[in-house]
Amino acid sequence: MREDENKKNGLNKIAKAYIHKLALMLFYAMLFIACQKQEDSGQNRESKGIILGFSQIGAESAWRTCNTRSVRDAAAAAGIQLLFSNAEQKQENQIKAIRSFIAYQVDVIAFVPIVSSGWENVLEEAKEARIPVLVCDRKINIKNDDLYVGYIGTDSTEEGRLAAKFLLKKFEGHKASERPIRIVELSGTEGSSAAIERSAGFRECIENQSGFEIIYSASGDFLRSKGYELMRTLPFDFTEMDALFSHNDGMTLGALDAMKEKGVNPGKDIIIVSIDAEQAAIDALKRGDVNCVIECNPKQGPDIMNLARHLARGESIPRIINMTEQVFYEWDDLSDIPARGY
Ligand code: AHR
């Protein structure tokens, strides 16, 4: 009897201790949720008052469409009021948009400069109005660097270097004494930092290498249609080129269409390296039509909103923030690349 009672008492004690622990855990979990809620509503309350003027270039590529979506979604999620303007590929429209943001007295201005020069006057005006300006995705070339607070986006020079390094590796066994590897370059919008820096980074690594020659370079304006047109109207035969360096996937996809029309086997007869990492380019890489794809990350929205929040509070931000990016090579295991979303 006594043994049974002892057992019962022991079990009761264990049960009590267990219930006590459970109650404590429940209490802390509820406390944690309540704090989270408070934090969220605090952040949103703070963001709600922020007005961000954002001038986008346009919608020249699937990459750009994703970039716009990222900015819009992130603003909505952060509770930041977004004044969005589409410049339809014209710098003058961007200047007009920035002036209207100044007149509206937004808290922060962010813009993607279609070209790198010609921004002094309008940025002086923003400075006079004491509105911080954040440069996104492409860089500007300006004497007075105080006219903007920071840059967030890609490192285009590095993208160009990576493209060149891929070709150097791909043609590693090629003897310099044989005819050179003949490269065609499809470059982006003239005067844009993305095109200038991608070309510069590429040349920095290729030009001092014997056995490689850039035989032709033309601007396809980051457009698929122009990539197609340029490749269809090359002033020489496809057999006279060995490699294509294309500044974006849109132009690459157009080039693939032109090559296939002429019975060329892209990725085999002509080695292709492209920038952006759109889903369609990754699919082409998997098929073997493209040999290397360098990611340019368009999902800048959350970082832009975070920076806007700091700027609206009058805080300083890092001068340059580069997005994290990766390279997809033909020799990689390409089986589990997550859907790109653009
Ligand atoms: O500025 C980034 C470039 O602009 C992307 O590579 C291109 O696709 C876009 O249109």
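The values are calculated or read from the model by the stated rules, or taken from the named source; none is laboratory data. Since this is a predicted model, take the numbers as computed values, not measurements. Because the Cβ atoms are built from the backbone with ideal geometry, glycine has one as well, and the counts that use them run over all protein chains shown.
Filter the range 178-188 for residues that are crowded, with 21+ Cβ neighbours inside 10 Å and of a type outside the set (Val, Ile, Thr); which is farthest from Arg138 (Cα to Cα)?
Glu185
It is to be established whether one or more residues within the range 240-255 are within 13 Å of the ligand (Cβ to nearest atom), in the same structural domain as Leu285 (by TED's automatic domain parsing), buried (at least 23 other Cβ atoms within 10 Å of the Cβ) and acidic (Asp, Glu).
Checked the range 240-255: at least one residue is within 13 Å of the ligand (Cβ to nearest atom), in the same structural domain as Leu285 (by TED's automatic domain parsing), buried (at least 23 other Cβ atoms within 10 Å of the Cβ) and acidic (Asp, Glu).
Can you name every residue in the range 268-281 that is more than 14 Å from the ligand (Cβ to nearest atom) and surrounded by fewer than 20 Cβ atoms within 10 Å (Cβ to Cβ)?
Lys268, Asp269
Table: residues versus (1) among the aliphatic types (A, V, I, L, M); (2) closer than 20 Å to Lys226 by Cβ.
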{"site": "Asn265", "(1), (2)": "no, no"}
{"site": "Ile275", "(1), (2)": "yes, yes"}
{"site": "Ala280", "(1), (2)": "yes, yes"}
{"site": "Val290", "(1), (2)": "yes, yes"}
{"site": "Leu307", "(1), (2)": "yes, no"}
{"site": "Ala312", "(1), (2)": "yes, no"}
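Counting residues that are β-branched (Val, Ile, Thr), which strands (runs of 3 or more DSSP E) fully inside the range 276-340 reach at least 2?
Correct list: 292-295, 320-322.
Look at the range 70-88 and say how many of its residues are in contact (Cβ under 8 Å) with a residue 40 or more places away in the chain and surrounded by fewer than 22 Cβ atoms within 10 Å (Cβ to Cβ).
Matching residues across the range 70-88 total 5.
(1) of a type outside the set (Lys, Arg); (2) surrounded by 16 or more Cβ atoms within 10 Å (Cβ to Cβ); (3) free of Cβ contacts under 8 Å to residues at least 40 places away in the same chain: which one isn't true of Trp331, the others all being true?
Here Trp331 clears every test but (2).
Given the structure, is Ser116 at pLDDT 95 or above and under 21 Å from Gly153 (Cα atoms)?
For Ser116, the condition - at pLDDT 95 or above and under 21 Å from Gly153 (Cα atoms) - is met.
Could we say that Ser177 is within 16 Å of the ligand (Cβ to nearest atom) and polar (S, T, N, Q) here?
No; evaluated as a whole, the condition is false for this residue.
Every residue in the range 104-122 that is under 14 Å from Phe54 (Cα atoms), more than 14 Å from the ligand (Cβ to nearest atom) and free of Cβ contacts under 8 Å to residues at least 60 places away in the same chain, please.
Across the range 104-122, the qualifying residues are Tyr104, Gln105, Val106, Ile109.
Going through the range 156-178 one residue at a time, which ones are charged (D, E, K, R) and either in the same structural domain as Phe101 (by TED's automatic domain parsing) or assigned to a helix (DSSP H, G or I) (or both)?
Of everything in the range 156-178, those that are charged (D, E, K, R) and either in the same structural domain as Phe101 (by TED's automatic domain parsing) or assigned to a helix (DSSP H, G or I) (or both) turn out to be Glu158, Glu159, Arg161, Lys165, Lys169, Lys170.
Within the range 283-318, work out how many residues are within 16 Å of the ligand (Cβ to nearest atom), under 22 Å from Asp73 (Cβ atoms) and hydrophobic (A, V, I, L, M, F, W, C).
Here the count works out to 2.
Please name all residue pairs, on different chains or six or more residues apart, with Cβ atoms under 9 Å, provided the first residue is in the range 48-60 and is modelled with pLDDT under 95 and the second residue is more than 16 Å from the ligand (Cβ to nearest atom) and in a strand (DSSP E or B).
So the pair list comes out as Lys48/Gln81; Gly49/Gln81.
May I ask you to list pairs of residues, at least six apart or on different chains, whose Cβ atoms are under 9 Å apart, with the first in the range 230-249 being free of Cβ contacts under 8 Å to residues at least 60 places away in the same chain and the second being assigned to a helix (DSSP H, G or I) and aromatic (Phe, Trp, Tyr)?
Close Cβ pairs (under 9 Å, with a partner that is assigned to a helix (DSSP H, G or I) and aromatic (Phe, Trp, Tyr)) amount to Met231/Phe238.
Would a scan of the range 124-142 turn up a residue that is touching a Lys or Arg at 6+ places or on another chain (Cβ under 8 Å), within 16 Å of the ligand (Cβ to nearest atom) and more than 15 Å from Ile321 (Cβ to Cβ)?
Within the range 124-142, not a single residue is touching a Lys or Arg at 6+ places or on another chain (Cβ under 8 Å), within 16 Å of the ligand (Cβ to nearest atom) and more than 15 Å from Ile321 (Cβ to Cβ).
Looking at (1) within 15 Å of the chain's Cα centre (by Cα); (2) of a type in the set (D, E, K, R); (3) closer than 21 Å to Asn322 by Cα, which is the only condition Asp73 fails?
Only one criterion in (1) within 15 Å of the chain's Cα centre (by Cα); (2) of a type in the set (D, E, K, R); (3) closer than 21 Å to Asn322 by Cα is unmet by Asp73, namely (1).
May I ask you to list the residues in the range 126-177 that are buried (at least 20 other Cβ atoms within 10 Å of the Cβ), hydroxyl-bearing (Ser, Thr, Tyr) and either at pLDDT below 95 or in contact with a Cys (Cβ under 6 Å, 6 or more places away or on another chain) (or both)?
Result: Thr154, single match.
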